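First the structure, in the form of structure tokens, and then the observations on it.
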Amino acid sequence: SLDAMANGGIRDQLGGGFHRYSTTADWLVPHFEQMLYDNAQLARVYGHAYAATGDTRYLDVASATLDYLVRELRTDDGGFAASQDADTEGEEGGTFVWTLEEIRDALGDDAELFAAAYGVRPGGNWEGRSILSRVRDDAALASIAGIAAEEVAARLAAARARLLERRRQRAQPARDDKVLAGWNGLAVAAFADVGRIVRAALPGDRRADRYIAAARDAAGLVVDRLLVDGRLRRSWKDGRTTADGVLEDHANLADGLLALYEAAFEERWFVAARDLADTILERFSDPTGGFFDTAADAETLVVRPKDVQDNATPSGNAMATTVLLRLAALAGEGRYRDAAERALATVGDLPGRHPTGFAQWLVALDLAHGVLAEVAIVGAPDEPGTAELAAATVLPYRPALVVAGSPDPERSVVPLLRDRTRRDGRPTAYVCRGFACRLPVTDAPALRRELAAVTGA
């Protein structure tokens, strides 16, 4: 579960990132490698969980995960490196584990409280040392220590900061500095979505601008450096690109760019996502439905691969289908939806029978057969009225929704915005399905009512 993973040793309780996987059923003992794709996807999921439930614990986890990515994996040119190693100087997890004596030396009087909170004990819980995991919550610790829960939280936060600083003095895991197009697409989506959620839920919280700026920087690097002569390259390192992008690179990047467009209303990201989708249709389509993993002009193989099952990252086929359905709603172009529906037909009932192996297909199915609503907002991004309308599309959580915005719809390249006008000179929103729109509204409560009327939620 989300709570068990957040509390377990699979999560770096000091640094905020997630390790690659757990080797034990209780999430305690991880393989200590940290991957960009895991952390990007988990940050997005925890952000969505916060939007769906209002539980601030999930936002804390999402925020700490994104902060880890910025602190440890961000490259000098604004992208995100692929991973950090599991080993430090040949020792698995050496940077991350502690003895009780080390905790006492670093924390002094707060050591016992921290040890009780994070399961640190004499002899450790793994090979003589302790992997930190949250074993008691603030309320339980407050009862044991006879202090207020607020004081427990403050002392533990200070202790984590001191231990993280102490840990920085140790040897650190090596980093794989490759900037991969598809994995950075997942990161762009996470930063954009969580930034958008924070901005809607907590107006004035500076994390929103930071996260959207990080998404913008990473997207800019990939679009400017990895799109070469109209072709997406797979990897960037030391000023050079290598290898042609495969289906998942195009699809994951397009998904991230659409998320960034909806967070920032900057049309270059919509244009780039649309161009990637057009490339998918032109160079990756299987005439029988769905998409091949490699382009039509890639190196000839005995069998051209076509993987439809999710692995540690979403299936390129499923993500491409998701992107095409979202683009169809924004652009009103039937060719995108037709291609998506042909792709969905290739997997039949597999997503229902094996949901954990076809989770991204379930997202696509929801967009294809659920109530997918469209919102067009006429207004400048820096106008308070525009921000309030945009926030109403984020909370309450409605995943089957696309949003477009512009202060000048007549010049917009996004077809959903065409022929939309302000009402009474104020920022204005239109709720639509299939480009058939309801009456325009100019305030957030009215927009929420219109969305509820269309979506039933």
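Can you tell me which condition Ser285 does not meet? The list is (1) open to solvent by less than 70 Å² (accessible area, probe 1.4 Å); (2) among the polar types (S, T, N, Q); (3) within 27 Å of Asp176 (Cβ to Cβ), and all the others hold.
(3)
Out of Ala328, Ala318, Ala298, report the one residue that is closer than 28 Å to Leu42 by Cβ and of a type in the set (A, V, I, L, M).
Ala318
Show the residue pairs meeting these rules: Cβ distance below 6 Å; 6+ apart or different chains; first residue within region 353-369 and under 16 Å from Asn311 (Cβ atoms); second residue open to solvent by less than 70 Å² (accessible area, probe 1.4 Å) and not in a helix (DSSP H, G or I).
Within 6 Å, the pairs are Gly357/Asp310; Ala359/Asp310; Gln360/Asp310; Gln360/Pro314; Gln360/Ser315.
Kindly check whether there is at least one residue in region 398-405 that is open to solvent by less than 10 Å² (accessible area, probe 1.4 Å), within 23 Å of Ala272 (Cα to Cα) and in a loop (DSSP other than H, G, I, E, B).
No.
List, please: which pairs have Cβ atoms under 8 Å, are six or more places apart or on different chains, and start with a residue in region 197-221 that is in contact (Cβ under 8 Å) with a residue 12 or more places away in the chain and end with one that is in a helix (DSSP H, G or I) and of a type in the set (Ser, Thr, Tyr)?
Close Cβ pairs satisfying both conditions: Ile197/Tyr50; Val198/Ser63; Val198/Tyr211; Ala201/Tyr50; Arg207/Ser63.
Has region 129-137 got any residue that is farther than 26 Å from Leu2 by Cβ and either surrounded by fewer than 20 Cβ atoms within 10 Å (Cβ to Cβ) or not acidic (Asp, Glu) (or both)?
Checking region 129-137: at least one residue is farther than 26 Å from Leu2 by Cβ and either surrounded by fewer than 20 Cβ atoms within 10 Å (Cβ to Cβ) or not acidic (Asp, Glu) (or both).
I need every pair where a residue in region 314-329 that is open to solvent by less than 10 Å² (accessible area, probe 1.4 Å) has its Cβ under 8 Å from the Cβ of a residue that is of a type in the set (Lys, Arg) and part of a helix (DSSP H, G or I), sequence separation at least 6 or different chains.
Leu324/Arg337; Leu325/Arg337; Leu327/Arg274
Residues of region 12-30 being open to solvent by 10 Å² or more (accessible area, probe 1.4 Å) and without any contact (Cβ under 8 Å) to a residue 60 or more places away in the chain, which ones?
Within region 12-30, Tyr21, Ser22, Thr23, Thr24, Ala25, Asp26 meet the criteria.
Among the residues of region 358-392, which ones are charged (D, E, K, R) and in a strand (DSSP E or B)?
Correct list: Glu374 only.
Asp76 versus (1) open to solvent by 50 Å² or more (accessible area, probe 1.4 Å); (2) within 15 Å of the chain's Cα centre (by Cα): which is the lone unmet condition?
All conditions pass for Asp76, except number (2).
In region 152-170, which residues are open to solvent by 40 Å² or more (accessible area, probe 1.4 Å) and touching a residue at least 24 places away in the same chain (Cβ under 8 Å)?
Arg155, Ala158, Arg160, Arg162, Arg166, Arg170
Looking at region 36-65 only, could you name the residues that are open to solvent by less than 10 Å² (accessible area, probe 1.4 Å) and touching a Ser or Thr at 6+ places or on another chain (Cβ under 8 Å)?
Residues satisfying the conditions are Leu36, Asn39, Ala43, Tyr46.
Would region 346-357 turn up any residue that is more than 20 Å from the chain's Cα centre (by Cα), crowded, with 18+ Cβ neighbours inside 10 Å, among the aliphatic types (A, V, I, L, M) and not in a loop (DSSP other than H, G, I, E, B)?
Yes, there is a match, as at least one residue in region 346-357 is more than 20 Å from the chain's Cα centre (by Cα), crowded, with 18+ Cβ neighbours inside 10 Å, among the aliphatic types (A, V, I, L, M) and not in a loop (DSSP other than H, G, I, E, B).
Filter region 8-33 for residues that are part of a strand (DSSP E or B) and either within 13 Å of Ala312 (Cβ to Cβ) or of a type in the set (A, V, I, L, M) (or both) and give the result.
Phe18, Tyr21, His31
Out of the residues in region 290-313 that are hydroxyl-bearing (Ser, Thr, Tyr) and surrounded by 15 or more Cβ atoms within 10 Å (Cβ to Cβ), which is farthest from Arg335 (Cα to Cα)?
Thr313
How many residues are within 14 Å of Gly256 (Cα to Cα) and touching an Asp or Glu at 6+ places or on another chain (Cβ under 6 Å) when one looks only at region 320-350?
Residues in region 320-350 being within 14 Å of Gly256 (Cα to Cα) and touching an Asp or Glu at 6+ places or on another chain (Cβ under 6 Å): 1 in total.
Name, by its number, the condition in (1) part of a helix (DSSP H, G or I); (2) on the phi > 0 side of the Ramachandran plot that does not hold for Ala64.
Against the list (1) part of a helix (DSSP H, G or I); (2) on the phi > 0 side of the Ramachandran plot, Ala64 comes up short only on (2).
The values are calculated or read from the model by the stated rules, or taken from the named source; none is laboratory data. Worth saying up front: this structure is predicted, and the values here are computed from it rather than measured. Note that we place each Cβ from the backbone using ideal geometry, even for glycine, and neighbour counts take in every protein chain shown. Protein only, heavy atoms only, side chains kept; ligands, DNA and RNA dropped before computing areas. Shrake-Rupley method; radii C 1.70, N 1.55, O 1.52, S 1.80 Å.
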